[in-house]
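All remarks here apply to the structure that follows.
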Amino acid sequence: MGRPKQFDPDAAVDRAMDVFWRKGYAGTTPQDLVDELGIGKGSLYATFDSKRALFDRALERYREQQADTLARIIDQPGPVKPRLRAALQFIVEANAADPDRRGCLAVNTAAELGGADPKATLDVRHMFERTQGALEAVITEGQRTGEIRSDIPGAALSAYLFTTVVGLQLLVKTVRDPLDLTQVVEAAIRSL
């Protein structure tokens with residue numbers, strides 16, 4: 001009879017997510033994961049099969065957390081532009097509070113593995129499509145109420161706003177003060 005697991009696999013996925021987020025997929029070694037999770041390699045592989053399987057689970061966990069956060073912000077009642085502003089401002093403020101300036105795990109994964117790794121590319125594409133779809137729903141609502149310009153299709157405006165989101169996620173990694181990006185948020189919202 002095997003020994004019972006001495007760790008919580010869900011907590012391990014969260015901790016692994018942090019390692020992948022800081023170091024990237026290629027930069028994370030199995031030893032990094034073992035050290036961070038505080039488990040042996042045997043337990044790591046017995047529970048998650050491979051570094052890649054653990055990465056896939058960590059990316060899925062990140063998607064769930066980010067989708068929930070975005071939905072909570074933009075699905076509030078009230079005018080549309082303040083909700084969209086709050087979503088973009090959340091990105092700036094969350095990244096400003098992160099001493100490691102990790103940016104977005106999905107954007108980082110797209111930059112590292114996109115195009116070269118079909119599964120990672122597809123996973124990130126689905127994450128991006130979900131986010132852009134949520135933005136499009138709110139923008140379309142704003143077009144119906146007259147809060148958002150209607151001379152440009154909602155799909156195009158949501159693509160523009162999503163591109164701004166991706167750009168913000170990259171810029172926060174290099175600017176001196178991420179809060180300086182608030183002006184980008186304001187410009188994007190005014191353009192709607």
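At a glance:
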quantity: Dipole magnitude (debye, nearest 20) for the range 59-191, charges at Cβ of Lys, Arg, Asp, Glu; calculated: 140 debye
quantity: Rounded FRET efficiency, nearest 0.05, which uses the C-beta distance separating Ala187 from Thr145 and R0 of 22 Å; calculated: 0.50
quantity: Alpha-carbon centroids, the range 62-89 and the range 100-118: separation in whole Å; calculated: 22 Å
quantity: Point-to-point label distance, Ala86-Asp98, nm (Cα→Cβ direction, 7 Å offset); calculated: 2.2 nm
quantity: Relative packing of 49-60, 32-43, which averages over residues the other C-beta atoms within 10 Å, highest first; calculated: 49-60, 32-43
quantity: Full-stretch length increase - Glu60, Leu179 - with 0.36 nm per residue and alpha-carbon distance subtracted; calculated: 40.0 nm
quantity: Helical segments meeting 15 Å axial Cα length and Kyte-Doolittle 0.0 threshold in the chain (DSSP H); calculated: 80-97, 154-171
quantity: Calculated P(r) tail over 20 Å for the chain, as whole % of Cα pairs; calculated: 59 percent
quantity: Across Lys41/Lys173; Lys41/Lys119; Lys23/Lys119, pairs whose alpha-carbon gap is larger than 27 Å; calculated: Lys41/Lys173
quantity: Pairwise label distance in nanometres, Ala26 with Leu171, each label 7 Å out on the Cα-Cβ vector; calculated: 2.7 nm
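Any read-out appearing in this document is the output of simple, stated calculations on the displayed coordinates, not a laboratory observation. Since the model is a prediction, treat every value here as computed from it, not as a measurement. Every residue, glycine as well, gets a Cβ built from its backbone with ideal geometry; the counts of neighbours run over all protein chains shown.
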